[in-house]
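The block underneath contains the structure these notes are about, expressed in structure tokens.
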Amino acid sequence: MSVLPYLVAVWIFLVGCYGIATSRNLIHAVGCLAVCQSSTYVLLLSVGYRDGGTAPVYSDVKPGSRPVVDPVVQALALTDVVVGATVTALLLALVLQISKRHGTVDPDALSELRG
């Protein structure tokens with residue numbers, strides 16, 4: 001098993017974190033958060049990958065005769081995609097409300113939110 005998919009997941013996560021840390025726009029920050037979450041897709045699919053593995057359908061051969069990929073990890077990745085889309089939509093709706101009420105999407109210009 002190669003370490004390359006794990007390195008790619010870490011790289012995608014770090015790029016997203018850098019974008020969040022340097023963002024001066026709330027919409028850009030939401031997009032960078034979505035990039036961070038996409039690294040989890042790569043990580044989950046890397047964990048479930050098997051060399052020479054096929055789909056876990058046992059209609060043509062008996063179980064245990066060939067390597068198969070883990071369907072639970074694939075289901076978790078699909079669930080992660082749905083949750084990520086929901087969180088992104090919710091955050092964009094919040095950014096829209098902030099833009100309507102305060103007239104800006106710059107987090108530094110939101111003086112009402114400072115403690």
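The values are calculated or read from the model by the stated rules, or taken from the named source; none is laboratory data. Given the structure is predicted, the values throughout are model-derived calculations rather than measurements. Here the Cβ positions follow ideal geometry from the backbone for every residue, glycine too, while neighbour counts run over all protein chains shown. Accessible surface is based on the protein model in full, side chains and every heavy atom, while ligands, DNA and RNA are left aside. Shrake-Rupley method; radii C 1.70, N 1.55, O 1.52, S 1.80 Å.
Yes/no per residue for (1) of a type in the set (D, E, K, R); (2) at pLDDT 95 or above:
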{"position": "P5", "(1), (2)": "no, no"}
{"position": "V15", "(1), (2)": "no, yes"}
{"position": "R24", "(1), (2)": "yes, no"}
{"position": "G53", "(1), (2)": "no, no"}
{"position": "R66", "(1), (2)": "yes, no"}
{"position": "D70", "(1), (2)": "yes, no"}
{"position": "A75", "(1), (2)": "no, no"}
{"position": "L90", "(1), (2)": "no, yes"}
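Of all the numbered requirements in (1) in contact (Cβ under 8 Å) with a residue 12 or more places away in the chain; (2) surrounded by 14 or more Cβ atoms within 10 Å (Cβ to Cβ), P71 misses one, and that requirement is (2). Annotation note: Cβ proximity below 9 Å between a residue of region 38-67 that is part of a helix (DSSP H, G or I) and a residue that is of a type in the set (D, E) and open to solvent by 50 Å² or more (accessible area, probe 1.4 Å) (sequence gap 6+ or interchain) occurs for V47/D70; G48/D70. Just one of the listed residues (L76, L44) is over 17 Å from F13 (Cα atoms) and in contact with a helix residue (DSSP H, G or I) (Cβ under 7 Å, 6 or more places away or on another chain), namely L76. The set of residues from region 7-37 being outside any helix (DSSP H, G or I) and small (G, A, S) comprises just one member, S23. For region 1-60, filtered to residues that are among the polar types (S, T, N, Q) and surrounded by 15 or more Cβ atoms within 10 Å (Cβ to Cβ), the residue that is farthest from L91 (Cα to Cα) is S46.
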